[in-house]
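A.B. asks: One structure coming up, written as structure tokens, with questions to follow.
What follows is calculated from the coordinates using simple rules that are stated; it is not laboratory data. Note that the structure is predicted; figures quoted are calculated from it, not measured. Backbone-built Cβ (ideal geometry, glycine too); neighbour counts: all protein chains shown.
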């Protein structure tokens, strides 16, 4: 998926929990963070796994003085990346380091415009819905 697809989808999911612009900016950054693995072999290791999402959320939990809601937003933002990448043909090593195999629904190319537009639109709809309703748990 394209970085802007991950960004829109991550922001849409996070907006169910907060509309705080700083937290949303962090959620947006975290939703594209797994793609920073390109120098190490894209999707070939830690970054696109549930384990990575757990490690980042644990870090977020400690950094937020044990605020579970912030830790959940961190987990959701990082794992949303793998969630939508699983729809690509190359898949993701979801259970790395325990299993190195990639899991995939194998339906789309990572750069396919239909799947990117669909997830981007879904993210923007979620964000617009929550902005319109003023939904905010934090």
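A.B. asks: Anything in region 1-27 that is surrounded by fewer than 18 Cβ atoms within 10 Å (Cβ to Cβ) and within 11 Å of the chain's Cα centre (by Cα)? List them, or say none.
C.D. replies: Selection gives 3 alone.
A.B. asks: Which residues, counting only those in region 85-97, are assigned to a loop (DSSP other than H, G, I, E, B) and either touching a strand residue (DSSP E or B) at 6+ places or on another chain (Cβ under 9 Å) or surrounded by 19 or more Cβ atoms within 10 Å (Cβ to Cβ) (or both)?
C.D. replies: 86, 87, 89, 91, 93, 94, 95, 96
A.B. asks: I need the full set of residues from region 98-116 which are more than 15 Å from the chain's Cα centre (by Cα), touching a residue at least 40 places away in the same chain (Cβ under 8 Å) and assigned to a helix (DSSP H, G or I), in order please.
C.D. replies: 115
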